[in-house]
Structure formats: structure tokens, C-alpha cells
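The block underneath contains the structure these notes are about, expressed in C-alpha cells.
The values are calculated or read from the model by the stated rules, or taken from the named source; none is laboratory data. Fair warning: this is a prediction, and the values are worked out from it, not measured in the lab. Every residue, glycine as well, gets a Cβ built from its backbone with ideal geometry; the counts of neighbours run over all protein chains shown. The accessibility values were calculated without ligands, DNA or RNA, using every heavy atom of the protein model including side chains. Shrake-Rupley method; radii C 1.70, N 1.55, O 1.52, S 1.80 Å.
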Number of protein chains: 2
Amino acid sequence: MVASSDHEDHLKRDRATRNFVTAEDVARLAGVSRSAVSRTFTPGASVSADVRHRVQEAAKTLGYRVNRLARSLISDQSNLVGVVGANLSLPFMARQLDELSLALLNRGMQCLLLNAAEAEQGITPLIELILEFRVRAIVVMSGSPPSAIIDECVANSVRVILVNRQADDAEADTIISDDLGGARVAAERLLRAGCRRIGVVGSGARTPTQVRRRLAFVEHIEEAGIKSAVWASGETTYETGIEAAKGLLTSHELDGVFCVTDLLALGFLDGAREMGRRVPEDLSVIGFDDIPQSAWASYRLTTVRQSMSDLTGSVLAAIEREMHGKETKLVHEVLPVELVERATVRPMS
Amino acid sequence: MVASSDHEDHLKRDRATRNFVTAEDVARLAGVSRSAVSRTFTPGASVSADVRHRVQEAAKTLGYRVNRLARSLISDQSNLVGVVGANLSLPFMARQLDELSLALLNRGMQCLLLNAAEAEQGITPLIELILEFRVRAIVVMSGSPPSAIIDECVANSVRVILVNRQADDAEADTIISDDLGGARVAAERLLRAGCRRIGVVGSGARTPTQVRRRLAFVEHIEEAGIKSAVWASGETTYETGIEAAKGLLTSHELDGVFCVTDLLALGFLDGAREMGRRVPEDLSVIGFDDIPQSAWASYRLTTVRQSMSDLTGSVLAAIEREMHGKETKLVHEVLPVELVERATVRPMS
DNA sequence: GGAAGCTTTGCACACGTGTGCAAAGCTTGC
DNA sequence: GCAAGCTTTGCACACGTGTGCAAAGCTTCC
């Protein structure tokens, strides 16, 4: 009894100096070596049933949790995956992050989220910060990291996966939706609806996907001998969609409009309706993304869909693809898109 | 030249066995001790200008990044903050995560995101996992952790901050919007609009905020001698809002409805309009949250707003509040809400 | 030039874990 | 009971950093 009491006091003193219970604390209570504790918590390691039980009881009593930081020190890598994104409230981004973070967790990886909303000097500092955590991979959903920082990641055996942006000769994996194909589908659908006075709505953002979609659409429409009216200013918001409607529909008599994102399209729809345009009778509208709100009864937007689960699946595959020494097999994947017909485009003419 | 060549080969061999450049590698190239490298990268530590320069050049040449995991081992704590959330695509949650992750980053903390979408056995396993990363604090946006795991966090000096949920006698900080006050405001607004046949739309979720809002609203309406028609099934989605409209408006001749979230309200609006109800002429509708979509021209939802920046600010304040030994000063904060008048409720009668 | 005071430096240890390996212990078969 | 083979164990080291402290170095003043 007296020995036991001294024993407990000793434990309390150790806890006071450090926040977390250590394997040493557990070993003492269980009456085994610290090594036995380690082996008990290491899958596949050799430990007798008796020792295992005593260790587990002691660990439970003390509330012991393995220190993943210390573990990662040994392997020189954590199971953290850095995820860089901005505009996380936007429906498309939010859904991407939702699905990616869940998929990572299900694969035993943890999501270290870096919000790039205020990364005015580019995302290089964020990536440098992420590297300090010895992440396994970095998924870039927003921003375009320069080659130099990507090369540094690769030198440290950290995969960089760019989502919906190009790599510019750097050794990054890229997973892109077929923006060109989607723009073509949208162009053809408007032409098939009989539209001849056509507009395209982008934003002021130099986001590669948006620029690609806009330019490809304009090109396809020009192949039909039609010159598109272009809106390309403002932020990528619903409000910009409204402004675009006010701006384009005041100076043009349009009968068909392609918006490079659904959010722009929903704003455009509301703006057009406020100006008395009937959709799709007077004006057809197509978006791109297929965010949840596009299916809402007040909108029923016809849009080009990029499959979120394909995207997430490809990101995971890229993360888990083995790196063979210094020679990296890069992934450059273009995901198919498809037209989702709802109510904002006239039937074929 | 020969010595230099041997020196480079030696570096290459070291890099081949480990992924990341270490302080040892830098020290060798700079011709100083490893301790000098450490001091160069430790703010406030003593190091001569010459040594600092040589170390920085060597670090730049080799692409050295401090290992935060090793650093955290010394301090027994990382600057990681665990954030537990589910339904991250929902407008309100997405916005909360967007603002919180940015605020954390601006305060030198990193967001370890755990998606609780598939946490069927509760979020205890997720919190246990987070503890292994020696986080500084845990912010719970979804799920209600039992007292036991909260107590364990506190025993390890890890703050637990519950957002929009109660603590049930556990030592967690809580930050809650004034659901009761908001429900009262909504009830009074409908009554002032002359509504006498009143409904309330919740969901099947046992989410504390939703249950609180619904019950408080029903109570306030009963104080006016009116019995509310209640909908409380399905998930917390736009689609459930539509179902609620179909269900309630078929069996009740309502002139006023309070939906416990904006998303439910937007679905309810679309459902009611599809059934030929004019809003606000035939039927007034109030939501709660003030998500971005509520301001869209197709909806212009009158709603009760909870301020996201107040919420984020309070979470940060709670994280940064000092813990004094074992006696924790808990935060229990109730954030004010306010009515946002738009177009879905009749003027005062 | 020497003494006093200040700055800088490298050594050796800490932090908490996993693991190679020799030693100890256990089990099985003769 | 002993030998052979297998399992388990604890020691000591590794991983990559920060830091206390004694020693070395530098600067200033008389």
C-alpha cells in the first residue's frame, strides 16, 4: 500500500511537467520496459499476450496516445497531406474539399488545410510551410506554384498534385477536367438550340480553367461564323453573374449565353430575369460545374458537369502511386465532362 | 577540387537515404556545427552575422526546411489545431471552415481537418486520432463528443471548443449563437406580419441547434395561443425543404413558416411556389443562418443572421486564452443574432 | 597588454518514439 | 533432463531538432 502510494505520486509529478502521457509512463505503471510499450502499439511487433494486456490496461488508465510526431521523425514522413485552396465557401470548392478530406481520412491520411485566400504573393510560402510538416503529398486546388517550389517538393520526394491547373513543365501531377471538351459541348448545344447571338461570361480572374473554357468556347462559336460577346471582369461570384447580365443584355440582343462557372450562370439567370428576359424562350443559358444549387427549382440550370468523385479518385490514385527512386511517373489526367440538361436551354431546333 | 568533389558525393549519399535535407547536411556544407544551424533558424538565438549568412546560403542551396515535427517533439505540442466537421459542402459549414482556416493561418496555426461525415460511432475516434498529433486545440463544428474524451483532452492540456453545441458538464468551451433569441425574433416577426396559421420546419437530425430553434419557436408561438404545425424529418438539405413544403402545405393552410436553417427555407420556398403559393402574399417564410444563397434574387429570404466573423473571432479567442495550470477558465459565449429583412415575409400588419 | 564584460560556439543532453540485435526465456521433441 | 529452435525482451542507438552551459572568442576600457 505504501509502495503503491509512492508510485502514484511519482506518476503525478511526471505528468505535471509534460502535457501528454508518454510510453515511459505506461511502462512504469505496467511494470515492463518502454520498448514493450512501443511493441504493443506497433502492428506486427512481437509481444506476449500477458505483457500486451498489462500495457493496454495501463495505457487506458493513463489515457496514453502514441505521439505521431515522434513516430514521423523516425520514418521522415507523416501521413499528412497538404491541401491548398482558396474561396472555400464557393459551392464547387466546398464540395471538392468535402469529398477530398473524407477520402483522405478513409485512406489513413490526414488533411492539413492551408487557406490561400490571402496568398497575394502566390502560394510558394504556403507550400514551404507545408514542407516543414514533412507531408506525403500536396494537393493544390487554388493557385499556381512556380516550378522552383515544385522541384523542391519532388527533390524531397513529396508529390505535388495540381487540380484543374497545368504544370508548366514542372514535375507535378495534374488532374484536369476536360474544359475544352466541355466548352465545345456547350457551344454545340447552344447552336443546336438555334442560338445565333451568343455571349460568354467569365470573370476577371486569371484562373486557368476559366480562361481555357472561355477561349475554347469563343473559338468553337467562331467556327460557326459567329462572333461572341465577351464578359471577363469582376470576381468569380454570383454577383458578377448579375453584373454580366446587366452589362451584356443592355448592349446586346443575345439569345444564348455560356457562363464558365455555374455560380456566374445563376447570377446571370437572376439578372436576366430581372431585366424581363424569359429563360429559355428569349435566352438560353449554360453553366459549367454542376454545383448543387444548379439543380434547385428556381434555377434548373443546364450545365456541363465535372464529376467530383472522378476528381477525388484521381487525386488519391496520384498520391498513392509509388515513386521509383528519382524517376517519377507523372500523372496527367483529363477527366471527361458531360452535359446535364435541365431547363435553361431551348430544345433542339 | 578533389576535396570538393568528395564533399559533394558525401552529400548525395546522405540525401539518398533520407528524403529531406537535415540541419546536419547544412552544417557540413556551411562548415559550422549543427547547433549553429539550429540557432540560425531559431528567432532570438545568438549567432554571428557571418555564420548566419553561410548557413542561410547553404540552406538555400540544399533546399533545407526545418522539421516541424522534430521541433514539436521538444515543445510537446505542435501548432496544429484539429477541426472536426461534417457536411462541409453545406453553405453554412463551408463558410465557417473557410473563415476559420484562414484566421488560424493568420495566427500562425495550422488546420488539421477531420471530416466527420462517416463518423457513425460518434467523433470520439477522430478526437483520439487528433490527440496523437499533439494538437493545441480541437474545434468541433459537427458531432457531440462525450465527456470522457473531452476530459482526456483537458488532462492533456488540449482545449476543446464546441461550436453551436452544448458541453453537457464537460470542460469544453462553447460558442453558440443565440438560437433561442433568434427563434423568438422569427416568431415575433411572423406574428407581427399577421400570420395565424404557423408552421415550423426542422429535420430528422438531432443536431442541438436545430432542435433548440424548433422547440423555442414552437414555445413562443404557443404563448400567442397558436399551435404550430411541425415538420421534423429527413436530412438537413434543400430537398427536405421541398418535401416539407409538399407535406405541410397539403395538409395545412399555413400563412407563416419558420425554417430552422436557410437551406431548408430555400427548398421550402421552391416547393411552396411549385404548389402555387405566392410568397409573401399567401405565405411568409423565415430562415436562420443567412447563407449567401439567401440573398440571391430568386429567393431574397428574410432570415435570422448569425455573424460568422463573431463566431470565428470567439473561437480564436478561446484557443488563445491561457490555461492556468489545471484550473481552466472556460468560455461559454452566446453570440447575438439579428433579423435580416428581405422579401419573404409580409410587412407588419 | 591585460582585465572585465559581453557574445558566440559546440558539446551533450533532452524530447518520444521504433528497431536491430544479443541475451533471456519458453516450447517442443527425443 | 537436455538440446534445438522459436519467441520475447530490454538495451542502446537512431530519427532531427532546441537548449543549458562551459569554453572559446571578441570587444572595450584602463
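Observations on the model:
- Within the range A:71-80, the residues that satisfy the criterion of being open to solvent by less than 50 Å² (accessible area, probe 1.4 Å) and farther than 20 Å from A:L316 by Cα are A:S72, A:D76.
- Residue pairs meeting the criteria (Cβ under 9 Å; at least 6 apart or on separate chains; first more than 7 Å from chain A (Cβ to nearest Cβ), in the range B:59-73; second open to solvent by 20 Å² or more (accessible area, probe 1.4 Å) and among the acidic types (D, E)): B:R71/A:E132
- Flag for B:S35 being assigned to a helix (DSSP H, G or I), within 10 Å of DNA strand D (Cβ to nearest atom) and in contact (Cβ under 8 Å) with a residue 24 or more places away in the chain: no
- When residues of the range B:108-135 are limited to those that are facing chain A (nearest Cβ under 10 Å) and charged (D, E, K, R), the one surrounded by the fewest Cβ atoms within 10 Å (Cβ to Cβ): B:E118
- Looking across the range B:224-236, the residues that are without any contact (Cβ under 8 Å) to a residue 40 or more places away in the chain and either of a type outside the set (A, V, I, L, M) or in a loop (DSSP other than H, G, I, E, B) (or both) come down to B:A224, B:G225, B:I226, B:K227, B:S228, B:W231, B:A232, B:S233, B:G234, B:E235.
- Complete set of residues in the range A:35-61 that are surrounded by fewer than 20 Cβ atoms within 10 Å (Cβ to Cβ), more than 7 Å from DNA strand C (Cβ to nearest atom) and among the aliphatic types (A, V, I, L, M): A:V47, A:A49, A:V51
- For A:V285, the test of being in a strand (DSSP E or B) and buried (at least 18 other Cβ atoms within 10 Å of the Cβ) is passed.
- Here B:E243 fulfils each of the conditions (1) crowded, with 16+ Cβ neighbours inside 10 Å; (2) in contact with a helix residue (DSSP H, G or I) (Cβ under 6 Å, 6 or more places away or on another chain) apart from (2).
- Residue check for A:V83: surrounded by 19 or more Cβ atoms within 10 Å (Cβ to Cβ), out of contact with any Asp or Glu (no Cβ under 8 Å at 6 or more places or on another chain) and under 28 Å from A:T237 (Cβ atoms): yes
Conditions (1) within 16 Å of DNA strand D (Cβ to nearest atom); (2) in a helix (DSSP H, G or I); (3) at pLDDT below 90, marked per residue:
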{"site": "B:A3", "(1), (2), (3)": "no, yes, yes"}
{"site": "B:H7", "(1), (2), (3)": "no, yes, yes"}
{"site": "B:V21", "(1), (2), (3)": "yes, no, no"}
{"site": "B:G44", "(1), (2), (3)": "yes, no, yes"}
{"site": "B:V55", "(1), (2), (3)": "yes, yes, no"}
{"site": "B:S89", "(1), (2), (3)": "no, no, no"}
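- Subset of the range A:86-107 [more than 7 Å from chain B (Cβ to nearest Cβ) and touching a strand residue (DSSP E or B) at 6+ places or on another chain (Cβ under 7 Å)]: A:A86, A:F92, A:M93, A:L100, A:L104
- Check on A:A297, within 14 Å of another protein chain (Cβ to nearest Cβ) and either assigned to a loop (DSSP other than H, G, I, E, B) or open to solvent by 10 Å² or more (accessible area, probe 1.4 Å) (or both): yes
- Matching residues in the range B:140-149 - criterion: being more than 12 Å from chain A (Cβ to nearest Cβ) and either open to solvent by less than 10 Å² (accessible area, probe 1.4 Å) or not in a loop (DSSP other than H, G, I, E, B) (or both): B:V140, B:M141, B:S147
- Residue-level analysis places A:V66 outside the set of residues that are within 14 Å of DNA strand D (Cβ to nearest atom), over 23 Å from B:R68 (Cβ atoms) and at pLDDT 90 or above.
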